[in-house]
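*Asks:* My questions will all concern the structure given below.
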Amino acid sequence: MTKEIGWNFDNSYARLPKSFFNTLNPTPVRSPKLVIFNESYGTTLGLNVNALQSEEGLAVLAGNMIPKDATPLAQAYAGHQFGHFNMLGDGRAVLLGEQISPQGVRVDIQLKGSGRTPYSRGGDGRAALGPMLREYIISEAMHALGIPTSRSLAVVSTGESVIRETTLPGAILTRVAASHIRVGTFQYAATWGKDGELQALSDYTLKRHFPDIEEDEDRYLSLLQEVIKAQAALIAKWQLVGFIHGVMNTDNMAISGESIDFGPCAFMDAYDPETVFSSIDREGRYAYGNQPYIAGWNLARFAESLLPLLHENQEQAIEIAQDAISNFTELYQSNWLAGMRAKLGIFNEETEDQPLIEDLLNLMQKYRADYTNTFRSLTFESYEDTSLFGYPEFKQWHERWKARLERQQESAATSHQLMLNSNPAVIPRNHRVEEALNAAVEQGDYSVMERLLVVLSKPFAHSPEQKEYCTLPAPSSLPYRTFCGT
């Protein structure tokens, strides 16, 4: 029946040198149950969604059955974790293979939480239900926000428990990504790869993700430049919606330019560049305001990995890499500034735009204004809904902004439409996500999460039904904290 489900696997990654992976099957689970399934995305992937929800389809999603033509494997990679370099790898995930969609799009189908692998380093290889549901919610919300991201196809409860600080119900997430090639994959190849393996990985990556440049004379420099451009655009999109990844280690930066590995991630409420939610980020390395700088740092590590391919002379290779990396800040700033202009309804460019934007952000930080709701209030001119309302500084800023809009040719209606398209009404508010997860994990009630997912699927709808999801959490003396869930 696996063929009837619509699996159309290829396994190009498995044709790389064997040092890049270990072939192994997921560890079967006792009593799998389908918790949530992404029917619309399954259809896009060319899958028979009814068959996939059958007993046999569930067995595949649980890792109890291997589809025909799949080649399950765990990938090897390294990574700088909070600045410290380690040998890593898929310690609790197995890549089933690459699904080729009816449109010819190639994506990885990975089971996360599917058991121990040679890279588990003492871990149990399993995952808890709460973190897998969190990744499902966040990844699908990111997709709806127009941010490149891995997607979630399904979450299956295992009928088994995992031991963390307490005993928790286990689960497996079916994650779909353009690929799972990471900066850390290149670091692994550069550090431990045999002769020719770094080049093999680079050529494979070019063919898979950047086929337009694989014939370039300086194709490895082109590869570096394309990855820099993709990350500059991605991180700008994160900043524009107040998303905080939480663990921007080099093994969590995908070469494809997608957001990946949603652990202790969250969305900022009150604007503050120092916002940190992750319980393990005690020094604020991955704070909201640091994300662009960390992305540049990670890309520098990627460039270091490519040095042997950039030029046979190491000094010249370093110079080439430094020139490429030096463009990141300008590329990021250009993307971010364009996005902020759109959030304020501005079409053309003026030199005073950046001070105008930064002054607004400074006011938001000073008065603890909610990031998303402030831009929503500006969109609908409902200023009394923001904590900035009534302050003389905001009134002065508002006059400058209105004068700025009057200096462009586009009409007020056109400007308003741009703001509607650029400022989400809803984001995955942290208290709403926790509410959904608690209902699911503690009470077996998935209706709260299902309603949340419906609202998050159309973040720019600005519909009356979304209003209750725009409200802020009740005041608390304790800071909100998220956890990796490993």
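The values are calculated or read from the model by the stated rules, or taken from the named source; none is laboratory data. No experiment lies behind these values; they were computed from the predicted model shown. We place every Cβ from the backbone using ideal geometry, glycine too, and count neighbours over all the protein chains shown. Only protein heavy atoms, including side chains, enter the accessible area calculation; ligands, DNA and RNA are left aside. Shrake-Rupley method; radii C 1.70, N 1.55, O 1.52, S 1.80 Å.
*Asks:* Distance cut-off 20 Å, Cα to Cα: go down the list Lys112/Lys207; Lys112/Lys237; Lys237/Lys343; Lys207/Lys229; Lys343/Lys402; Lys237/Lys458 and report the pairs above it. Don't skip to the answer; put the middle values down first.
*Replies:* Numbers: Lys112/Lys207 26 Å; Lys112/Lys237 26 Å; Lys237/Lys343 12 Å; Lys207/Lys229 18 Å; Lys343/Lys402 14 Å; Lys237/Lys458 17 Å.
Cα-Cα > 20 Å for Lys112/Lys207; Lys112/Lys237; rest within.
*Asks:* Now for a separate question. Roughly how many Å² of Lys194 are accessible to a 1.4 Å probe, to the nearest 10?
*Replies:* Surface open to solvent at Lys194 totals about 150 Å².
*Asks:* Step by step: find N for the range 330-486, compute 2.2 N^0.38 Å, then divide the Cα radius of gyration by it. What's the final number? Working shown, then result.
*Replies:* Working: Rg = 17.9 Å, N = 157, 2.2 N^0.38 = 15.0 Å.
Taking the Cα Rg and dividing by 2.2 N^0.38 Å, one obtains 1.19.
*Asks:* Averaged over all directions, how much area does the convex hull of the C-alpha atoms of the range 81-147 cover when projected, in nm²? All intermediate terms of the calculation are to be shown ahead of the outcome.
*Replies:* Working: hull surface 26.6 nm².
So the mean shadow area of the Cα hull is 6.6 nm².
*Asks:* Please compute the Kirkwood hydrodynamic radius of the range 250-321 from all pairs of different C-alpha atoms, in Å with one decimal. Kindly include the intermediate steps, with their values, before the conclusion.
*Replies:* Numbers: mean 1/r = 0.0699 Å⁻¹.
Its Kirkwood hydrodynamic radius stands at 14.3 Å.
*Asks:* Something else: Could you look at the chain and say what percent of its accessible area is carbon and sulfur, using a 1.4 Å probe and all protein chains? Numbers along the way, then the final one.
*Replies:* Values: 10090 of 20770 Å².
Here carbon and sulfur together make up 49 percent of the probe-accessible area.
*Asks:* Now, a different point. What is the gain in length, in nm to one decimal, between Lys18 and Glu274 on full extension, counting 0.36 nm per residue of separation less the C-alpha to C-alpha distance? Before the final figure, lay out the partial values.
*Replies:* On the way: separation 256, 0.36 × 256 = 92.16 nm, distance 4.25 nm.
Fully extending the segment from Lys18 to Glu274 adds 87.9 nm.
*Asks:* Go through the range 70-80 residue by residue and turn each phi into a ³J(HN,Hα) via Karplus (6.51, -1.76, 1.60, θ = phi - 60°); whole Hz please, and just put x for glycine and proline.
*Replies:* Computed from phi, the couplings for the range 70-80 are 7, 10, x, 7, 10, 8, 8, 6, 10, x, 8 Hz.
*Asks:* Can you tell me the length gained on complete extension of the stretch Phe380 to Asp445, counting 0.36 nm per residue apart and subtracting the Cα distance?
*Replies:* Numbers: separation 65, 0.36 × 65 = 23.40 nm, distance 3.52 nm.
Answer, rounded to one decimal: 19.9 nm.
*Asks:* Another question, if that's okay. Cα convex hull of the range 232-385: mean projected area in nm², to one decimal?
*Replies:* Working: hull surface 43.6 nm².
If I average the Cα hull's projected area over directions, I get 10.9 nm².
*Asks:* Evaluate the charge dipole of the chain about its Cα centre and quote only its size in Debye, nearest 20, assuming +1 on the Cβ of each Lys and Arg and -1 on the Cβ of each Asp and Glu.
*Replies:* Values: 42 positive and 59 negative charges, 261 e Å.
It comes to approximately 1260 debye.
*Asks:* Tabulate in residue order the Karplus-calculated ³J(HN,Hα) for the range 109-125, using 6.51 cos²θ - 1.76 cosθ + 1.60 with θ = phi - 60°, rounded to whole Hz; enter x for Gly and Pro.
*Replies:* 10, 10, 9, 9, x, 9, x, 5, 9, x, 9, 6, 6, x, x, 8, x
*Asks:* Which of the peptides 68-75, 377-384, 40-47 is most tightly packed, and how do the rest follow, judged by the mean count of other Cβ atoms within 10 Å per residue? It would help to have the intermediate numbers written out before the result.
*Replies:* Values: 68-75: 20.1, 377-384: 15.2, 40-47: 17.2.
Going from most to least packed, we get 68-75, 40-47, 377-384.
*Asks:* Using mean Cβ contacts within 10 Å as the protection proxy, how do 84-96, 149-161 order, highest first?
*Replies:* Numbers: 84-96: 20.1, 149-161: 22.5.
Going by the mean number of other Cβ atoms within 10 Å, highest first, we get 149-161, 84-96.
*Asks:* What ranking of Asp281, Asp272 comes out by heavy-atom accessible area, probe 1.4 Å, highest first? Numbers along the way, then the final one.
*Replies:* Details: Asp281 10, Asp272 35 Å².
Result of the area sort, largest leading: Asp272, Asp281.
*Asks:* Hey, with R₀ at 51 Å, roughly what FRET efficiency would Asp69 and Lys395 work out to, going by the Cβ-Cβ distance, to 0.05?
*Replies:* About 0.20, to the nearest 0.05.
*Asks:* Between Tyr480 and Asp195, what length comes free when the chain is fully extended (0.36 nm per residue of separation minus the Cα-Cα distance, one decimal in nm)? Intermediate values should be presented prior to the final figure.
*Replies:* Details: separation 285, 0.36 × 285 = 102.60 nm, distance 4.76 nm.
Contour length minus the Cα-Cα distance gives 97.8 nm.
*Asks:* By the scheme Lys and Arg +1, Asp and Glu -1, what is the net charge of all other residues having a beta-carbon under 13 Å from that of Phe37? Walk me through the numbers on the way to the answer.
*Replies:* Details: positive: Lys33, Arg151; negative: Glu39, Glu140, Glu450.
Every neighbour counted, the sum reads -1.
*Asks:* For the range 32-109, compute Rh as the Kirkwood radius over C-alpha pairs and then the Stokes-Einstein diffusion coefficient at 37 °C and 0.692 mPa s; write the answer in µm²/s, rounded to an integer.
*Replies:* Details: Rh = 14.5 Å.
The diffusion coefficient I find is 226 µm²/s.
*Asks:* Ignoring solvent entirely, what values of log10 I(q)/I(0) come out of the Debye formula for the chain at 0.06, 0.12 Å⁻¹ when each Cα is a single scatterer?
*Replies:* After summing over all Cα pairs, the log10 values are -0.28, -1.12.
*Asks:* Follow-up question, since we're still on this one. Rolling a 1.4 Å sphere over the protein heavy atoms, what is the accessible area per residue of the range 319-462, to the nearest Å²? Don't skip to the answer; put the middle values down first.
*Replies:* On the way: 7160 Å² over 144 residues.
Per residue, the range 319-462 has 50 Å² of solvent-accessible surface.
*Asks:* Cross-link candidates for Lys194: which lysines have Cα within less than 19 Å, leaving aside residues fewer than 8 places away along the same chain?
*Replies:* The qualifying lysines are Lys18.
*Asks:* Output the direction-averaged projected area (hull surface divided by four) of the convex hull of the alpha-carbon atoms of the range 156-203, in nm².
*Replies:* Numbers: hull surface 22.7 nm².
The number I arrive at for the range 156-203 is 5.7 nm².
*Asks:* Something else about it: Two decimals, Cα atoms only, Kirkwood Rh: what is Rg/Rh over the range 346-430? Each step should come with its number before you reach the end.
*Replies:* Details: Rg = 12.9 Å, Rh = 13.6 Å.
Here the Rg-to-Rh quotient is 0.95.
*Asks:* For the range 433-448, just list the computed ³J(HN,Hα) in residue order, Karplus coefficients 6.51, -1.76 and 1.60, θ = phi - 60°, integers in Hz, with x standing in for Gly and Pro.
*Replies:* 4, 4, 4, 5, 5, 4, 4, 5, 7, 7, 10, x, 9, 9, 5, 5
*Asks:* Given a 1.4 Å probe and heavy atoms of the protein chains only, how would you sort Asp385, Asp251, Asp124, largest accessible area at the top? Walk me through the numbers before you get to the answer.
*Replies:* Details: Asp385 100, Asp251 15, Asp124 65 Å².
Most to least solvent-accessible, the answer reads Asp385, Asp124, Asp251.
*Asks:* Just to verify a number: what accessible area does Lys366 come out at with the full protein assembly present, 1.4 Å probe, Å² rounded to tens?
*Replies:* 120 Å²
*Asks:* Using amide H atoms built in the peptide plane, which far-off residues or other-chain residues are under 5 Å from Ser259 H to H?
*Replies:* Residues meeting the amide H criterion: Thr149, Ser150.
*Asks:* Rank Val441, Gly196, Gly339 by how far each Cα sits towards the positive end of the charge dipole of the chain (+1 on Lys, Arg Cβ; -1 on Asp, Glu Cβ) and give me just the farthest.
*Replies:* Val441
*Asks:* With a ≥ b ≥ c taken as the square roots of the eigenvalues of the C-alpha gyration tensor of the range 182-235, please select rounded if a/c is under 1.5 and otherwise prolate if a/b is larger than b/c or oblate if it is not?
*Replies:* Working: a/c = 2.28, a/b = 1.28, b/c = 1.78.
In terms of gyration-tensor shape, oblate.
*Asks:* Would you calculate a helix-derived [θ] at 222 nm for the chain, using -39,500 (n - 2.57) for each DSSP H run of n ≥ 4 and dividing by the full residue count, to the nearest 500? Please report the intermediate quantities before stating the final value.
*Replies:* Numbers: 17 runs with 205 residues, N = 486.
That comes out to -13000 deg cm²/dmol.
*Asks:* So how do Glu258, Glu442, Glu283 rank on accessible area, 1.4 Å probe, biggest first, that is with the largest at the start?
*Replies:* Sorted descending by solvent-accessible area, the residues read Glu283, Glu442, Glu258.
*Asks:* Using alpha carbons only, what's the Rg to Rh ratio of the range 299-384 with Rh from Kirkwood? Spell out each step's value before the answer.
*Replies:* Numbers: Rg = 19.6 Å, Rh = 15.9 Å.
Looking at the range 299-384, the ratio lands at 1.23.
*Asks:* Not counting ligands, DNA or RNA, and with a 1.4 Å probe, what is Glu435's accessible surface area in Å² rounded to the nearest 10?
*Replies:* 80 Å²
*Asks:* Which one of Gln396, Ser422, Leu453 has its Cα pushed farthest toward the positive end of the charge dipole of the range 353-486, where Lys and Arg give +1 and Asp and Glu give -1 at the Cβ?
*Replies:* Gln396
*Asks:* Do you know the relative contact order of the range 162-275, to the nearest whole percent, from alpha carbon pairs under 8 angstrom that are 6+ apart? Let's see the in-between values first.
*Replies:* Details: 89 pairs, mean separation 33.1, N = 114.
For the range 162-275, the relative contact order is 29 percent.
*Asks:* How much space per residue, in cubic angstrom, does the convex hull of the C-alpha atoms of the range 153-262 take up? Present the calculation step by step, with values, prior to reporting the outcome.
*Replies:* On the way: hull volume 16.9 nm³, N = 110.
Hull volume over Cα atoms, normalised by residue count, gives 153 Å³.
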